[in-house]
Amino acid sequence: MSIPYFPGCTLHVKAKDLDDSTRAALAALGLELTELPEWTCCGAVFPLAQDNYMGMVAAARILANAAKLGDGRLVTVCSFCYHVLKRVNFAFRNRTEARNKLNEYLEEHYNGEVTLLHPLELIRDDVGFDVLQDRVYRRLKGLKVACYYGCTLSRPAEEMGFGEPENPTIMEELVAALGAEPVGFSWKTKCCGSYQVLNNAALAADRAQAVLEAASRQGAHVIITSCPLCRYNLERLPVGAAGKGESEARLPVLYFTQLLGIALQLPATTLGLDSHYLDALKEARA
Amino acid sequence: MVVTCTVKVAGNTPCTNDAEERGRCVVTGAEMTREVKAISGQNPYLCMQCGLCSASCTGVGFMDLLPRKVMRLVQLGDKKLLENRAIWLCSTCLTCTARCPRGLDVSRVMEALRVINLRKGTEVLAPEGIPEELLTEIPQMALTSGFRKLSS
Amino acid sequence: MTAEKKTVSIYVMGKQSEVPYGVTIMKAMEYAGYRFIRGCGCRGGFCGACGTVYRKPGNFRLKVGLACATMVEDGMHLTQIPFYPANKAVYNLEALEPTLGTLLKYYPEITRCLGCNQCTRICPQELPVMNYIATAQRGDIEATAHQSFDCIMCGLCASRCPAEIVQYNVGILARRLYGRHIAPRAKHLAERVDEIRAGKFDAELDRLMQMSKEELQKLYNARDIEQ
């Protein structure tokens with residue numbers, strides 16, 4: 001079984017570790033991914049102006065190309081890609097005008113046939129968290145994990161279908177299946193500042209700091225995410241940039257697929273993991 | 001009567017409403033409100049000014065006008081709103097949208113105010129203004145999303 | 001159209017001209033009295049100097065072609081776009097690294113691509129322009145170099161881009177980075193250069209230098225031709 005996969009621009013270089021760990025972890029669970037033969041940037045953000053169809057064309061073409069492969073599914077792991085593709089697909093299924101207009105610009109006719117899946121959904125539905133629990137080689141007992149969804153995965157709820165808009169739980173279910181302990185984390189769908197890092201770095205640094213501190217207050221040893229920009233903002237901004245000096249709440253930030261890979265005892269190199277992360281995790285649980 | 005619309009953000013040339021600019025520039029406050037309604041697809045008069053959007057906002061600590069007030073000025077048709085920096089500090093996290101008790105998509109209203117500016121060339125993020133270290137280091141998704149929301 | 005018709009009517013920048021049937025746009029324009037100082041180069045479809053946009057009657061689609069390689073048709077509206085403003089980055093290729101960062105440093109606007117596909121639609125070389133900008137955007141320099149390889153730098157893509165990207169400059173930067181820093185060195189070339197330096201072919205060359213013109217001609221005509 002091989003499922004069509006859209007990596008997204010950032011995963012090719014800057015977040016290669018997310019790409020590598022996603023492919024490796026899913027492969028270990030018997031889910032092979034095949035990258036779309038040709039793809040472009042999805043657009044990264046969903047256009048909120050009613051009359052902006054141009055901002056949806058790239059995502060529409062990606063979905064149409066995925067439909068041609070006949071599997072009926074498309075997997076993407078980057079939170080931004082997932083958000084945009086899911087909403088554009090929703091528009092194809094539910095908005096006649098959007099469907100007609102976008103089809104004017106597509107080479108192939110598309111009607112929203114593809115089902116977009118996040119690896120979390122794929123694991124839940126095709127493997128099952130209960131089965132996963134039995135397949136974990138290295139139980140992550142004692143590890144406290146803050147599941148950070150960020151702002152893009154669960155909102156707007158009716159379009160994303162990813163659980164409660166401010167309290168999705170699918171990542172916690174995964175963490176529990178790995179034998180680790182998901183901490184209560186009220187900041188899990190708060191925004192890290194996102195692209196404001198380019199416009200107002202202080203804003204993003206302030207938000208990222210707040211997210212880190214909230215996770216730390218809950219006693220988390222590690223934060224997991226599926227968003228390369230969340231990870232960048234959380235890892236790179238708080239120190240100095242926020243004007244608050246060295247953060248006491250310095251937590252390792254991993255992709256959820258890396259944590260999954262660790263639990264499946266995949267070699268660190270296939271997960272794009274530096275050894276210092278592994279050391280940090282060992283220390284945390286000691 | 002010469003009405004001058006002085007949108008000026010981050011060093012951009014103000015748009016003046018002389019003859020050649022007419023039609024490209026939102027002139028009156030009422031027109032601004034009409035445009036916002038058309039672009040956002042939202043009815044701003046549904047807002048009851050509870051302030052939940054402000055309380056939920058990611059960028060609130062850095063805004064000079066909080067989202068609740070933005071909604072109020074849209075209702076009132078105050079075109080100074082277009083010059084406000086608050087609209088550029090929205091990170092479209094959709095928390096306000098998820099929480100609004102009146103079912104308003106506040107993030108779409110914020111986007112409409114940006115879009116009115118962007119469509120006449122007023123932007124806050126220019127590729128040439130981004131420091132090289134940041135440009136080469138940051139995930140591309142930040143550039144793409146930033147440009148789409150903040151540059152024209 | 002009847003077989004006897006000897007001329008067609010075209011509109012160059014809106015001005016109507018009767019020109020011979022069956023000639024290229026470039027010949028037709030010269031027939032109509034235009035003299036090319038720029039916008040004309042090899043006249044053989046290779047140099048990319050004579051990018052032309054046109055529309056045909058009854059079709060709203062904008063078409064493109066090279067003026068030297070596209071035939072005139074009756075009722076065609078056309079104009080040349082031999083140059084479209086583009087800033088060319090200045091760099092020292094030796095000092096560059098073949099990374100995404102280098103592409104973004106010189107052309108950050110590639111991340112503004114909207115995926116509208118107009119560049120691919122207009123490319124007279126039928127290159128996957130949008131795709132090579134997509135591969136550049138994700139830092140796949142090798143793919144960008146390969147996909148843009150047949151670019152003739154006519155600039156029509158840049159004229160159509162809503163994101164104001166100059167695609168052909170991105171392509172050539174990628175090809176240079178690939179050629180200088182990524183492509184494996186050709187081992188046989190290095191060996192041959194060493195052989196030449198060591199004088200392996202000196203005797204042979206001396207022999208050729210001594211030959212008369214007739215002998216050379218005979219040798220040339222009898223040479224092995226690779227099929």
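The values are calculated or read from the model by the stated rules, or taken from the named source; none is laboratory data. Given the structure is predicted, the values throughout are model-derived calculations rather than measurements. Positions of Cβ are backbone-derived with ideal geometry, glycine not excepted, and every protein chain shown enters the neighbour counts. These area figures cover heavy atoms from the full protein model, side chains too; ligands, DNA and RNA do not enter into them. Shrake-Rupley method; radii C 1.70, N 1.55, O 1.52, S 1.80 Å.
Here are the numbers:
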read-out: Net charge contributed by nearby residues that have their C-beta within less than 13 Å of B:Gly129 (K/R +1, D/E -1); value: -4
read-out: Span from the the range A:203-218 Cα centroid across to the the range B:49-86 one, whole angstrom; value: 24 Å
read-out: Heavy-atom accessible area, 1.4 Å probe, ligands and nucleic acids excluded: residues of the range B:45-71 down by at least 20 Å² from chain alone; value: B:Thr58, B:Phe62
read-out: Accessible heavy-atom area order of A:Leu229, B:Leu118, highest first, probe of 1.4 Å; value: B:Leu118, A:Leu229
read-out: Accessible area, probe 1.4 Å, largest first, for residues C:Ile196, C:Ile165; value: C:Ile196, C:Ile165
read-out: Accessible surface of the protein assembly as shown, 1.4 Å probe, proportion on carbon and sulfur as whole %; value: 50 percent
read-out: Accessible area of B:Met63 in the full protein assembly, 1.4 Å probe (Å², nearest 10); value: 20 Å²
read-out: Area hidden from solvent between C and A (accessible, protein heavy atoms only, 1.4 Å, total, Å²); value: 1300 Å²
read-out: Accessible surface buried once B binds A (1.4 Å probe; total of both sides; Å²); value: 3700 Å²
read-out: Antiparallel %, DSSP beta bridges [both residues in the protein assembly as shown], to 5; value: 45 percent
read-out: Greater than 27 Å apart at Cα, pairs in A:Lys190/B:Lys69; C:Lys88/C:Lys187; A:Lys86/B:Lys79; B:Lys149/C:Lys105; A:Lys14/A:Lys86; C:Lys5/C:Lys63; value: C:Lys88/C:Lys187; A:Lys86/B:Lys79
read-out: Exposure of C:Arg192 as accessible area (Å², to 10), given a probe of 1.4 Å and all protein chains; value: 120 Å²
read-out: Dipole in debye (nearest 20) - the range C:7-80, about Cα centre, beta carbon charges: Lys, Arg +1; Asp, Glu -1; value: 220 debye
read-out: Accessible area (Å², 1.4 Å probe, nearest 10) - B:Glu128; value: 150 Å²
read-out: Calculated [θ] (222 nm, deg cm²/dmol) that DSSP helices of n ≥ 4 give over chain C, each run adding -39,500 (n - 2.57); value: -9500 deg cm²/dmol
read-out: Cα-based helix-to-principal-axis angle, C:167-177 vs chain C, degrees rounded to 10; value: 10 degrees
read-out: C:Met209, B:Met32, ranked by accessible area, largest first (probe 1.4 Å); value: C:Met209, B:Met32
read-out: CD proxy at 222 nm, helix term only [per DSSP H run n ≥ 4: -39500 (n - 2.57); per residue of chain A; nearest 500]; value: -13000 deg cm²/dmol
read-out: Accessible area of the protein assembly as shown divided out per residue, in Å², using a probe of 1.4 angstrom; value: 45 Å²
read-out: Assigned charges on the beta-carbon of Lys, Arg, Asp, Glu; chain A dipole about Cα centre (debye); value: 480 debye
